[in-house]
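Visitor: I am attaching a structure below and will ask some questions about it afterwards.
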């Protein structure tokens, strides 16, 4: 099977590499010729345009920075839908929004193609290790077709429901991650200000009703989890500015369904306060610095 | 060893019962003669006043509704410190605040007694089953002395540090519980408004970076966790008004250390909005109803 | 001079009527033939399409519900720019966003037309009385050309700066209105809960550092200002759902400039909580009901 | 009439000076002998203790830093009530809380004295110029008796209702001031980020529905109001840490009446974030710096 891969950034390049490692022919495209070069070094086939790529393959995977670019790459005049063969399967892995996913899937179906939204969790380490989780929205048929391909890049492939459901699941999870990060920061800093040792407090929380992924695996208090970004000057990990983007997607989707999200909204603003002061490229746990003297 | 137990409410009565079950002589006091009657039925020895109780025992355990009552019962003119024998150990299990705990422990030491703060988690079910977690603040010596007694009522006895540390740990954990409850409510309601099935969404969150005790064990969306209060009309569990009290303790302690807690502060206000509309005695997960049509 | 008016809703119809009253020939268009009928009764000339209207007049005024419709009406294939004569002046009075205003003004200039954004304040009463305030963004030349036309519909015509500035000024003002409405509600309800008479408290605030337009003119506590919506079952005035729209425009614009707006964000969410419970069509001061028993 | 004045700080000293200027005999006490010295230079009579002062005068005025000190000075064993003559009038001008005011007034009445709470607005400039506003709670009789004395220090003497009402009015006003300061900061910074000139935006707001005392008189955007602290490096004015104290009083009073105050709560936290970074002694408008790059 011939696979096309569009978008060879921090996530896309290792994902494409895993597809190559599984023995697939992978045609690649990116606006950066340097990124294409890196993929070619690993065995990929360079293409000169999205149109060329789309015409040459059976499956197109996209991994792009935002919904506007996704719309343009998939449905623009020079995009995938305009040039792909009938029956092509499009696997859209970008973090986008449910409405964009639904709109594009509907266009794909009208033009004889299939499409799923399949945003990921696991970050760059998961992309490199091939252990990503894919949250998939789309028809059962498209899910079944996409599953073996996704298995080359991840280990959990979750069927979330019809088109848009993958994006919905992703933003619902990530808003919780954003809120938790700040809440654990508040809790840890309060405890330390009251004289508790950070590791003692973390241990108590982690066996109590306040425990969460952030407190256990990704604790924002420096030194508590040695491998976490907080213990490494908040480098690596998940940048504040990307979290702001994900929280914005959640809030926009909520505006559309008239869903109030007060804690989510406040979280976004607190990350914005941090980003405004120049910390936007640091890991999300850098928010703890707002709460420490 | 003779143990005195003051405060025989929903928590205190089953805790005292477990001490009796372990073969201790338990002298009891409460302002409700009915509560004393229930304890006597189970083998406790009634006392007519805090002073009488304090004079008769080696260890005094208190389980009281708020810091003001704790101060009065322990340090008031008719209280425990004024009437207890030298060397008495006071185990203060109420949810109070770190400053109160530190003040009282200092007074206890000055008058030749020992004292620990040992607030609990686990709720009424944990009190009944003898599986409470005790978060202990105090001297190492007092901790060692109290440990076997606490083991009759719980299964995790955690040494959190010097006096006040137990209370500090408890409020740090409970603020996370409060924030998580609202955050999971927002996430679940957004997902459902976008068309996701609640159980599918919960399953995704629970294997992702948004997972927390609330999403796994205590999910606020009705029907997701069959045994949780949310699936039983928000009855039982942890009342909103008690959460408001715990969040107030956290915010007051934070004012004392000049620690900002924006998410905690907003959480308290959202629970207050719910309580104002008459839902204060329902479980904390009833907050989900603010976010659903 | 021939004027075209597109959008004959609650605001547009009385605005067009005032133009007629000043002796202008007014060509009108709306998707509702009933609305066109009402305007024709007052002396307006009906047109069958936006294209017909645009081709027939020297000035086009638009008063439309949201930025997406504005973009379509002005710049769509059947829109104003495609059919208006060279030199036409477009006065865009809808509440939109600065980016849309800038984009459309730039397209207008490229095609030989002039355009200003001129959103209004004053509501339906101001539209009927011809006392609106117009906040204008655009070139000095376009401002000078538009001024006499706007004077037929309002009394304050404010030059806010280049294209988009009118929209920017409007959303900056309206976010303050939104925040103030909730803040005055909190203040009044707290005072009443502490035993103060609402009119006494309002009088004190109105001579102190807490005073604002909302406390003086539009007090949300029922009975304080007899003519205000709060004293008339929260009817009339400025609907919560419109405020949610304006706060969304402010928050979206702020996302674009990476500007944190925590109080604005929380205000939007509180109005959403109210709207979710079915109160979205009531006046913004109905938010006071969230804070009263 | 002999007047006693306790508390000669930034506010108390100029207030006592105005009483002297009006020809009163003023006995003074402060824990700082330097402060007493300054008052004596202006004609006051030094006293060696609160008890001596209380025994010597007909009226006692207190101007103290917080409710705990007020309780001690008025009702402590060496305090005013224990040593004042029958019929003494106590005028309590500190910013305190309604419950403290009610408790003390009740004790005063029981011991044959009269008491009003009379917190002020107007700051140090108002204290120096004798133009303070006094918000008075107490009996009509005590209000009438206090009025001429207050007129020597201020120009608006407002009867707010029974004991505690003066404190209630003050905190209700000041929470609005706190919220407005942040809201105007958000609005101004958003406008500037969108390209508006700060003075143009302020002028528009000040003639629109967003106008408030802060936008008009105390605008936080540097340069807009030349005489405001924001144009003078945020020096002078009303310190953030004092605003945090006032917002805490409002939130504590609200906890007592179960009144939700979400915007007020968030405001306190934002000022705390600023204070944590070392800006607590700057004027409240320094909060604008959190929102600017």
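Visitor: For residue C:204, only one of the following conditions fails: (1) outside the structural domain of residue C:25 (by TED's automatic domain parsing); (2) farther than 30 Å from residue C:262 by Cα; (3) without any contact (Cβ under 8 Å) to a residue 12 or more places away in the chain. What is its number?
Guide: (2)
Visitor: Quick one: residue D:171 ticks every box in (1) touching a helix residue (DSSP H, G or I) at 6+ places or on another chain (Cβ under 7 Å); (2) assigned to a helix (DSSP H, G or I); (3) more than 26 Å from residue D:259 (Cα to Cα) bar one, so which box is it?
Guide: So the condition that residue D:171 fails would be (3).
Visitor: Another question, then. What is the number of the single condition among (1) modelled with pLDDT of 95 or more; (2) more than 12 Å from chain C (Cβ to nearest Cβ); (3) outside any helix (DSSP H, G or I) that residue D:236 does not meet?
Guide: The failed condition is (1).
Visitor: For residues that are outside any helix (DSSP H, G or I) and over 21 Å from the mean Cα position of the chain (by Cα), scanning just segment D:278-293, find the one that is farthest from the other protein chains (Cβ to nearest Cβ).
Guide: The extreme case among them is D:292.
Visitor: To continue, here is another question. Of the residues that make up segment B:150-161, is at least one under 24 Å from residue B:31 (Cα atoms), in contact with a helix residue (DSSP H, G or I) (Cβ under 7 Å, 6 or more places away or on another chain) and at pLDDT 95 or above?
Guide: Yes, segment B:150-161 has at least one match.
Visitor: Quick check on my filter: what residues within segment D:220-235 are within 29 Å of residue B:255 (Cβ to Cβ) and in contact (Cβ under 8 Å) with a residue 60 or more places away in the chain?
Guide: D:220
Visitor: Tell me, yes or no, whether segment D:207-218 has at least one residue that is in a helix (DSSP H, G or I) and closer than 28 Å to residue D:116 by Cβ.
Guide: So far as segment D:207-218 goes, yes, one or more of its residues are in a helix (DSSP H, G or I) and closer than 28 Å to residue D:116 by Cβ.
Visitor: Still on this structure, I have one more. Given the condition within 21 Å of residue C:2 (Cα to Cα) and at pLDDT 95 or above, answer yes or no: does some residue in segment C:96-103 qualify?
Guide: The answer is no, given that none of the residues of segment C:96-103 is within 21 Å of residue C:2 (Cα to Cα) and at pLDDT 95 or above.
Visitor: Being assigned to a loop (DSSP other than H, G, I, E, B) and within 13 Å of chain B (Cβ to nearest Cβ): is that true of residue A:163 here?
Guide: yes
Visitor: Would you confirm, using the coordinates I've provided, whether residue D:195 is at pLDDT 95 or above, in contact with a helix residue (DSSP H, G or I) (Cβ under 8 Å, 6 or more places away or on another chain) and more than 30 Å from residue A:269 (Cβ to Cβ)?
Guide: Taking the combined requirement at face value, the residue does not satisfy it.
Visitor: While we're on this one: In segment D:122-136, how many are over 10 Å from residue D:155 (Cα atoms) and assigned to a strand (DSSP E or B)?
Guide: Total meeting the criteria: 2.
Visitor: Tell me which of these residue A:261 doesn't satisfy, since it passes every other one: (1) surrounded by fewer than 24 Cβ atoms within 10 Å (Cβ to Cβ); (2) at the interface with another protein chain (Cβ under 10 Å from one of its Cβ atoms); (3) touching a residue at least 40 places away in the same chain (Cβ under 8 Å).
Guide: Every listed condition holds for residue A:261 apart from (1).
Visitor: Here's another thing I want to ask about it. Kindly indicate the residue of segment A:187-214 that is within 17 Å of residue A:283 (Cβ to Cβ) and at the interface with another protein chain (Cβ under 7 Å from one of its Cβ atoms) and also surrounded by the fewest Cβ atoms within 10 Å (Cβ to Cβ) among those meeting that condition.
Guide: The selected residue is A:213.
Visitor: So the check is Cβ under 6 Å with 6+ separation or different chains; which pairs have a first residue in segment A:41-61 that's without any contact (Cβ under 8 Å) to a residue 24 or more places away in the chain and a second one that's crowded, with 17+ Cβ neighbours inside 10 Å?
Guide: Short answer, once both residue conditions are applied: A:43/A:20; A:45/A:27; A:46/A:36.
Visitor: Something else about it: Within segment A:80-88, identify whether any single residue is closer than 22 Å to residue A:163 by Cβ, buried (at least 23 other Cβ atoms within 10 Å of the Cβ) and in contact with a strand residue (DSSP E or B) (Cβ under 7 Å, 6 or more places away or on another chain), and answer yes or no.
Guide: yes
Visitor: Does residue B:251 satisfy the condition of being surrounded by fewer than 23 Cβ atoms within 10 Å (Cβ to Cβ) and assigned to a helix (DSSP H, G or I)?
Guide: Criteria not met by residue B:251.
Visitor: Please go through segment D:124-159 and pick out each residue that is touching a residue at least 60 places away in the same chain (Cβ under 8 Å) and closer than 25 Å to residue D:242 by Cα.
Guide: D:124, D:127, D:128, D:130, D:132, D:153
Visitor: Out of segment B:15-37, which residues are closer than 20 Å to residue B:70 by Cβ and out of contact with any strand residue (DSSP E or B) (no Cβ under 6 Å at 6 or more places or on another chain)?
Guide: If the condition is that a residue be closer than 20 Å to residue B:70 by Cβ and out of contact with any strand residue (DSSP E or B) (no Cβ under 6 Å at 6 or more places or on another chain), then B:15, B:30, B:31, B:32, B:35 are the ones that fit.
Visitor: Now for a different question. Among the residues of segment A:229-244 satisfying the criterion of being in contact with a helix residue (DSSP H, G or I) (Cβ under 7 Å, 6 or more places away or on another chain) and closer than 18 Å to residue A:189 by Cβ, which is surrounded by the most Cβ atoms within 10 Å (Cβ to Cβ)?
Guide: A:230
Visitor: Checking residue B:275 against (1) within 23 Å of the chain's Cα centre (by Cα); (2) facing another protein chain (nearest Cβ under 8 Å); (3) closer than 19 Å to residue B:168 by Cβ; (4) surrounded by fewer than 23 Cβ atoms within 10 Å (Cβ to Cβ), which test does it fail?
Guide: Residue B:275 satisfies every listed condition except (3).
Visitor: Next question, about the same structure. Just name the residue that is farthest from residue D:24 (Cα to Cα) out of those in segment D:166-182 that are at the interface with chain C (Cβ under 7 Å from one of its Cβ atoms) and touching a strand residue (DSSP E or B) at 6+ places or on another chain (Cβ under 6 Å).
Guide: Once the filter is applied, the top-ranked residue is D:180.
Visitor: Give C:126, C:122 a once-over and let me know the one that is at positive phi, within 14 Å of chain D (Cβ to nearest Cβ), surrounded by fewer than 23 Cβ atoms within 10 Å (Cβ to Cβ) and at pLDDT below 95.
Guide: When all the criteria are applied, what remains is C:122.
Visitor: Residues of segment A:55-75 being at pLDDT below 95 and crowded, with 23+ Cβ neighbours inside 10 Å, which ones?
Guide: none
Visitor: Answer yes or no as to whether residue C:37 is buried (at least 23 other Cβ atoms within 10 Å of the Cβ) and out of contact with any helix residue (DSSP H, G or I) (no Cβ under 6 Å at 6 or more places or on another chain).
Guide: no
Visitor: Another question, if that's okay. Restricting to segment B:130-148, what's the tally of residues that are in contact with a helix residue (DSSP H, G or I) (Cβ under 9 Å, 6 or more places away or on another chain) and either at the interface with another protein chain (Cβ under 10 Å from one of its Cβ atoms) or surrounded by 22 or more Cβ atoms within 10 Å (Cβ to Cβ) (or both)?
Guide: 8
The values are calculated or read from the model by the stated rules, or taken from the named source; none is laboratory data. Owing to the predicted nature of the structure, the values given are computational and were not obtained by experimental measurement. Backbone-built Cβ (ideal geometry, glycine too); neighbour counts: all protein chains shown.
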